[in-house]
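Q: Quick one: structure below, then a few questions.
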Amino acid sequence: MTIIIIEDEKPAARLLQRKLEKLGLKTSTMLHSVEESIAWFEINKHPDLIFLDIQLSDGLSFEIFEKVEIKSAVIFTTAYDEYALKAFRLNSVDYLLKPIDEDDLEVAVLKYKTNFLKPESTLNFDFQEIKRMLQNPLDKVYKNRFTVKIGQSLKLISIDEIECFFSENKATYIHTFDNRNYLIDGSLEFLENELEAKKFYRISRKFIIPLQSIKEIQVHSNSRLKIILPTYSEDEVIVAREKVQDFKTWIG
């Protein structure tokens, strides 16, 4: 059985590889971006099983299968919530919720061996349907406030108070319009699914910004855009080049 891992965070990919080795399974390849994965699939024989992260550094992993016809079984590794995961169940795709539990991993591998190693097994993955459900979940209730800890006290921060979310040194922060930073739980990947897409947009690996906080948009180097926020000044807020066109559509 040939296995590949597609995961943009290399430490997470190596950790998953070690957990698979404990189950007696060897990983043949690790890929870390949409672009790298497309190039690999174009010249290599498809593996039996793919462990696939949804959010990669240069886009959603579904973009891989818009370019390449998938012929492998897939186990998703994801931080998406339980509602969004209904998409995987409906499409006969298994998933592992991050951080990956070793017992859950063993069960997922056993499910693969039981359901997909039989000669008569067929793959029935509708990636477009999964993508649609993740991006437009019906009856989705979005976050409208966050609870942060300040010393021995808890503070409620309304969505309307947030100027941006940013990551730094593997931690995630809220920056508010009164020019303060608050440490919160969860990654930007997790927040993307918790925030209403019409109001919030992830412009890069480091920033998620609300539409209401955009003070000015400037043309930046390498076909990128620079966002000026009301108070945030710790770092340049840049729209990644591959996201510029989608960002323009979002603000339009």
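The values are calculated or read from the model by the stated rules, or taken from the named source; none is laboratory data. Since this is a predicted model, take the numbers as computed values, not measurements. Heads up, the Cβs are rebuilt from the backbone with ideal geometry, glycines too, and the neighbour counts pull from every protein chain shown.
Q: Considering only residues of region 151-166 that are in contact (Cβ under 8 Å) with a residue 40 or more places away in the chain and either not in a strand (DSSP E or B) or not charged (D, E, K, R) (or both), which is farthest from Arg202 (Cα to Cα)?
A: Initial filter on region 151-166 (in contact (Cβ under 8 Å) with a residue 40 or more places away in the chain): 159-160, 162-166.
Within this subset, residues satisfying the condition of being either not in a strand (DSSP E or B) or not charged (D, E, K, R) (or both) are 159-160, 162, 164-166.
Working: Ile159: 15, Asp160: 17, Ile162: 14, Cys164: 10, Phe165: 9, Phe166: 10 Å.
That would be Asp160.
Q: Let me ask something else about it. Mind checking which residues of region 58-78 are over 15 Å from the mean Cα position of the chain (by Cα), within 14 Å of Ile6 (Cα to Cα) and in a loop (DSSP other than H, G, I, E, B)?
A: At the first step, the residues of region 58-78 found to be over 15 Å from the mean Cα position of the chain (by Cα) are 65-74.
Still in the running and within 14 Å of Ile6 (Cα to Cα): 65, 70, 72-74.
Of everything in region 58-78, those that are over 15 Å from the mean Cα position of the chain (by Cα), within 14 Å of Ile6 (Cα to Cα) and in a loop (DSSP other than H, G, I, E, B) turn out to be Ile70, Ser72.
Q: In the set Lys155, Lys170, Lys113, Lys149, which member is within 18 Å of the chain's Cα centre (by Cα) and either at pLDDT 90 or above or not polar (S, T, N, Q) (or both)?
A: Numbers: Lys155 fails: within 18 Å of the chain's Cα centre (by Cα); Lys113 fails: within 18 Å of the chain's Cα centre (by Cα); Lys149 fails: within 18 Å of the chain's Cα centre (by Cα).
Within the list Lys155, Lys170, Lys113, Lys149, the selection yields Lys170.
Q: Something else now. For Leu211, state whether it is in contact with a helix residue (DSSP H, G or I) (Cβ under 7 Å, 6 or more places away or on another chain) and loosely packed, with under 14 Cβ neighbours inside 10 Å.
A: For Leu211, the condition - in contact with a helix residue (DSSP H, G or I) (Cβ under 7 Å, 6 or more places away or on another chain) and loosely packed, with under 14 Cβ neighbours inside 10 Å - is met.
Q: If you go through region 125-143 one residue at a time, how many are surrounded by 11 or more Cβ atoms within 10 Å (Cβ to Cβ) and either modelled with pLDDT of 85 or more or of a type in the set (S, T, N, Q) (or both)? Walk me through it before giving the result.
A: Restricting attention to region 125-143, the residues satisfying the condition of being surrounded by 11 or more Cβ atoms within 10 Å (Cβ to Cβ) are 125-135, 137, 140, 142-143.
Right, trim to either modelled with pLDDT of 85 or more or of a type in the set (S, T, N, Q) (or both) and you get 128, 135, 143.
The qualifying residues number 3.
Q: If you don't mind, there's one more thing I want to ask. Give all pairs with beta carbons closer than 9 Å in which a residue from region 224-252 that is under 14 Å from Phe200 (Cβ atoms) meets a residue that is at pLDDT below 90; count only pairs at least 6 apart in sequence or on separate chains.
A: Partner pairs satisfying both residue conditions: Lys243/Gly59; Trp250/Ala197; Trp250/Lys198.
Q: Return the total of residues in region 3-51 being more than 18 Å from Thr77 (Cα to Cα), surrounded by 14 or more Cβ atoms within 10 Å (Cβ to Cβ) and among the β-branched types (Val, Ile, Thr).
A: Selection size over region 3-51: 1.
Q: Just to be sure before I move on: is Tyr83 hydroxyl-bearing (Ser, Thr, Tyr), surrounded by fewer than 18 Cβ atoms within 10 Å (Cβ to Cβ), modelled with pLDDT under 75 and part of a loop (DSSP other than H, G, I, E, B) in the structure I sent? Give the steps one after another, and end with the answer.
A: On the way: hydroxyl-bearing (Ser, Thr, Tyr): yes; surrounded by fewer than 18 Cβ atoms within 10 Å (Cβ to Cβ): yes; modelled with pLDDT under 75: yes; part of a loop (DSSP other than H, G, I, E, B): yes.
In short, yes.
Q: Going through region 1-47 one residue at a time, which ones are of a type outside the set (Phe, Trp, Tyr), assigned to a helix (DSSP H, G or I) and farther than 21 Å from Pro99 by Cβ?
A: First, the residues of region 1-47 that are of a type outside the set (Phe, Trp, Tyr): 1-39, 42-47.
Subsequent filtering for residues that are assigned to a helix (DSSP H, G or I) retains 10-22, 34-39, 42-43.
Val34, Glu35, Glu36, Ser37, Ile38, Ala39, Glu42, Ile43, listed by residue number.
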